[in-house]
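Have a look at the structure below before the remarks.
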Amino acid sequence: MAKVKVQTAWLDSCAGCHMSMLDLDEALIGLAEKLEFGSSPITDIKHFSPCDLGIIEGSISNEHDEEVAKDLRANCKILLALGDCACFGGINTMRNLFSDQDILSRYYATESTSKGGAVPTSPELPKLTKVRPLNQVIKVDCYVPGCPPKAGAILYALTELLEGRIPVLPGEIMRFD
Ligand code: SF4
């Protein structure tokens, strides 16, 4: 049987949701027989190609995040939002309380990073946007909330998807023990 092709991305995030996927431990061995990973921070393959399942961690907080989210959405049949940042915006939305200029000054002109305190002006620096959950920019098919989501919740969702069902997580599986 052909393996289900999965691609993942992290946008404005801490990588904790991908770490939680690795916390699947021995369940990963069973999943590896059914899934194959394309582009992902796990494989370090940089470009998306057509796939069955896209998984995104993190909120959309700048123009580059938006491009990546739309690119993966265009390449996958089902898109799963992984973690509170992707599902709701998460802790990153606190940034929406401040102006872009204040945020950039804080990023680049702190005591530890400053060389004269200038904010870089390179055109390669992605333009900040309001911090948004995925579903304000792209269509999302299923959600696995949590910060980070429990490995068991991720396993439940992947198992449901492999069975051809869109996962709806029961409440008890989302509580951190
Ligand atoms: Fe990190 Fe939590 Fe956001 Fe996941 S939901 S990227 S663990 S802050």
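Among beta bridges from DSSP that stay inside the chain, the antiparallel ones total about 20%.
Looking at the chain, identify the longest residue range that excludes and avoids all chymotrypsin sites (Phe, Trp or Tyr not before Pro) in DSSP loops having at most 12 other Cβ atoms within 10 Å.
Working: sites that count: PHE98, PHE176.
Counting at most 12 other Cβ atoms within 10 Å as exposed, the longest clean stretch of the chain is 1-97.
Counting only lysines at least 8 places from LYS139 when in the same chain, those with an alpha carbon closer than 21 Å to its own are LYS5, LYS70, LYS77, LYS130.
Counting helices only, and only those DSSP H runs with n ≥ 4, report the 222 nm mean residue ellipticity of the chain as the sum of -39,500 (n - 2.57) divided by its residues, in deg cm²/dmol to the nearest 500. Walk me through the numbers on the way to the answer.
Values: 7 runs with 56 residues, N = 177.
Taken over the chain, the calculation gives -8500 deg cm²/dmol.
The label point for GLU63 and the one for TYR108, both projected 7 Å from the Cα toward the Cβ, are 1.5 nm apart. Looking at the range 42-150, the trypsin sites (Lys or Arg not before Pro) that sit in a DSSP loop and have at most 11 other Cβ atoms within 10 Å of their own Cβ are LYS46, LYS115, LYS127, LYS139.
GNM on the chain, alpha-carbon springs under 10 angstrom: the most fluctuating residue among LEU28, LEU82, LEU158 is LEU28. Taking GluC sites (Glu not before Pro) across the range 77-177, the ones in a DSSP loop with at most 13 further Cβ atoms lying within 10 angstrom of their Cβ are GLU111, GLU124, GLU163.
For ILE45, the residues 5 or more places off, or on other chains, whose built amide H falls under 5 Å of its own are SER40. The loop-placed GluC sites (Glu not before Pro) in the range 1-44, going by DSSP, that have at most 12 neighbouring Cβ atoms within 10 Å of their Cβ come out as GLU26, GLU33.
Read-outs: derived from the displayed coordinates by stated rules, not from any lab. Since the model is a prediction, treat every value here as computed from it, not as a measurement. Heads up, the Cβs are rebuilt from the backbone with ideal geometry, glycines too, and the neighbour counts pull from every protein chain shown.
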